[in-house]
Amino acid sequence: MASRVNVQEIVRCNPLQVPEKFLISRREEDEPKSTADAFDLSSRIPIIDLSLLSRGHKEELNKLDQACKEWGFFQVVNHGVATEVLQGMKDATVKFFELPLEEKNNIRFPPANGRNLEFWPDSPNGFKEIIEEYSSEVKRVGEELIESLSTIMGMEKDTLLGLHKELFQTLRVNYIPPCCRPEKVLGIRPHSDVTTITVLMQEDSVIGLQIRKDGQWVPVKPIPSAFVVNVGDVIEIWSNGKYKSVEHRAVPNESKARLSYASFIFPHFDDEIEPIDHLVESSRMYKKVKYGDYLVKAMTEDFIGKEHTGMAKIGSSADVAVLLTHLL
Ligand SMILES: O=C(O)CCC(=O)C(=O)O
Ligand SMILES: [Fe+2]
């Protein structure tokens, strides 16, 4: 198999030289910087107690509603996933990243079709097993959150889950090496997630995730053992824009590597996504899209930030282009 670019090797061989392709573009340099205001906003990112939420606690459901409307992001505590499982996942992953480069280069890339243990590497010892344990716990957390989303969207608890012909889940571990020029480099470019929801575990001691809010890049300060959850594009479309799939990015740290564990929860490729009738108040903002087509286009074309959501927006430039070709 052809070897892939390995950022650990790049940093090991030449820690002071950042390759051109990792430097932020001019367009991204125009982005707002994180200011004191951003740090202030950061302390207002909602914190949701899953045990209350799942028992139908009214106040907690209201908090979720506000969080999805105003932030698109929240942290989840009291989720019931044992600390040993969270730590076990982190420990095994660190061991995985310490494996020799040749061994990592021999790993097959899975097709993007959801959770399948067959595609995860056998070493380090116990890696597959902890991934399975961690992922099934995260799936339970994801399902409980989707049930509460269904409730706050004015539907029966199981309606949203039922709109998924099948509920898929994938796990991506992001590794961002320490970087000598953190202000010039982006670890993960600005994007919104093409998911129903994303459940992220971050390092307890390294800040890296930033979300776009009120024209600022707001850091999401880790709360030990909490998950960071964000509403994805699918919920934004189903709710006709009431709940926001918010742009976010990850920046490197000067002295420490940062790992993050993103579990993406999303529908079947054949599912058709469109605003749910009773959530359309005045005008319909999104048209019907086939999830698989939307995902593939979002992943393969050169979009920045939330540009790809234009594919589903009524009245976007993509729409006008189609109309023009029909008229000509
Ligand atoms: O590393 C992070 O905190 C964010 C990861 C992320 O946004 C993603 O994997 O989609
Ligand atoms: Fe993301």
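The values are calculated or read from the model by the stated rules, or taken from the named source; none is laboratory data. Small disclaimer: the values here were computed from a predicted structure and weren't measured. Note that we place each Cβ from the backbone using ideal geometry, even for glycine, and neighbour counts take in every protein chain shown. For the accessible areas, the whole protein counts, side chains as well, though only heavy atoms, and no ligand, DNA or RNA atoms are used. Shrake-Rupley method; radii C 1.70, N 1.55, O 1.52, S 1.80 Å.
Any idea which residue in region 219-258 is nearest to ligand 1 (Cβ to nearest atom), counting only those that are of a type in the set (A, V, I, L, M) and at pLDDT below 95?
Per the stated criteria, the residue is ALA250.
Just the residues that are touching a helix residue (DSSP H, G or I) at 6+ places or on another chain (Cβ under 9 Å) and either hydroxyl-bearing (Ser, Thr, Tyr) or open to solvent by less than 10 Å² (accessible area, probe 1.4 Å) (or both), please, taken from region 141-156.
If the condition is that a residue be touching a helix residue (DSSP H, G or I) at 6+ places or on another chain (Cβ under 9 Å) and either hydroxyl-bearing (Ser, Thr, Tyr) or open to solvent by less than 10 Å² (accessible area, probe 1.4 Å) (or both), then VAL141, LEU145, ILE146, SER148, LEU149, SER150, THR151, MET153 are the ones that fit.
Pull up region 300-317, narrow it to residues that are open to solvent by 50 Å² or more (accessible area, probe 1.4 Å) and not basic (Lys, Arg), then point me to the one that is modelled with the lowest pLDDT.
Out of the qualifying residues, it is SER317.
Residues are listed down the side, and each one gets a yes or a no for (1) without any contact (Cβ under 8 Å) to a residue 60 or more places away in the chain; (2) of a type outside the set (S, T, N, Q):
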site: LYS221; (1), (2): no, yes
site: PRO224; (1), (2): yes, yes
site: PHE227; (1), (2): no, yes
site: TRP238; (1), (2): no, yes
site: SER245; (1), (2): no, no
site: ILE273; (1), (2): yes, yes
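So, in region 211-236, of the ones that are in a strand (DSSP E or B) and within 11 Å of ligand 2 (Cβ to nearest atom), which residue ends up surrounded by the most Cβ atoms within 10 Å (Cβ to Cβ)?
Filtering first and then ranking leaves ASN230.
Among the listed residues SER283, SER255, which satisfies the condition of being more than 19 Å from the chain's Cα centre (by Cα) and free of Cβ contacts under 8 Å to residues at least 40 places away in the same chain?
Result: SER283 is the single residue among SER283, SER255 that is more than 19 Å from the chain's Cα centre (by Cα) and free of Cβ contacts under 8 Å to residues at least 40 places away in the same chain.
Under 6 Å between Cβ atoms, at least 6 apart or on separate chains: pull out the pairs that start in region 48-77 with a residue that is at negative phi and end on any residue that is open to solvent by 40 Å² or more (accessible area, probe 1.4 Å) and in a loop (DSSP other than H, G, I, E, B).
Cβ pairs passing all conditions: ASP49/ASN78; LEU50/ASN78; SER51/ASN78; GLN75/ILE223.
Picking from ALA262, ALA257, ALA250, which residue would you name as being in contact with a strand residue (DSSP E or B) (Cβ under 8 Å, 6 or more places away or on another chain), within 25 Å of LEU160 (Cβ to Cβ) and of a type outside the set (Ser, Thr, Tyr)?
Step by step, each of ALA262, ALA257, ALA250 is checked, and only ALA262 is in contact with a strand residue (DSSP E or B) (Cβ under 8 Å, 6 or more places away or on another chain), within 25 Å of LEU160 (Cβ to Cβ) and of a type outside the set (Ser, Thr, Tyr).
Quick one: ASN240 ticks every box in (1) among the polar types (S, T, N, Q); (2) under 22 Å from GLU147 (Cβ atoms); (3) within 14 Å of ligand 2 (Cβ to nearest atom); (4) open to solvent by 10 Å² or more (accessible area, probe 1.4 Å) except a single one, so which number is it?
The failed condition is (3).
Taking region 63-105 as the region of interest, how many residues are open to solvent by 60 Å² or more (accessible area, probe 1.4 Å) and either within 15 Å of LEU53 (Cβ to Cβ) or in a helix (DSSP H, G or I) (or both)?
Qualifying residue count, region 63-105: 14.
Scanning for something within 30 Å of GLY215 (Cα to Cα), modelled with pLDDT of 95 or more and surrounded by 14 or more Cβ atoms within 10 Å (Cβ to Cβ), does region 117-140 turn up at least one residue?
Looking through region 117-140, none of the residues is within 30 Å of GLY215 (Cα to Cα), modelled with pLDDT of 95 or more and surrounded by 14 or more Cβ atoms within 10 Å (Cβ to Cβ).
Identify all residues within region 196-210 that are surrounded by 21 or more Cβ atoms within 10 Å (Cβ to Cβ), out of contact with any helix residue (DSSP H, G or I) (no Cβ under 8 Å at 6 or more places or on another chain) and part of a loop (DSSP other than H, G, I, E, B); write none if there are none.
Passing the criteria: only GLY208.
For region 178-195, give me the residue count where each residue is surrounded by fewer than 16 Cβ atoms within 10 Å (Cβ to Cβ), touching a strand residue (DSSP E or B) at 6+ places or on another chain (Cβ under 9 Å) and not in a loop (DSSP other than H, G, I, E, B).
2
Name the single residue that is farthest from ligand 1 (Cβ to nearest atom) among those in region 159-177 being surrounded by 13 or more Cβ atoms within 10 Å (Cβ to Cβ) and more than 13 Å from ILE197 (Cα to Cα).
Looking at residues that are surrounded by 13 or more Cβ atoms within 10 Å (Cβ to Cβ) and more than 13 Å from ILE197 (Cα to Cα), I get THR159.
Taking SER54 as the residue in question, decide whether it is modelled with pLDDT of 95 or more, within 23 Å of the chain's Cα centre (by Cα) and of a type in the set (Ser, Thr, Tyr).
Yes; evaluated as a whole, the condition is true for this residue.
Against the definition (surrounded by 13 or more Cβ atoms within 10 Å (Cβ to Cβ) and modelled with pLDDT under 95), how does LYS287 come out, yes or no?
For LYS287, the condition - surrounded by 13 or more Cβ atoms within 10 Å (Cβ to Cβ) and modelled with pLDDT under 95 - is not met.
Count, please, the residues in region 243-267 that happen to be assigned to a loop (DSSP other than H, G, I, E, B), away from ligand 2 (no atom under 14 Å from the Cβ) and more than 20 Å from LEU64 (Cβ to Cβ).
Result for region 243-267: 7.
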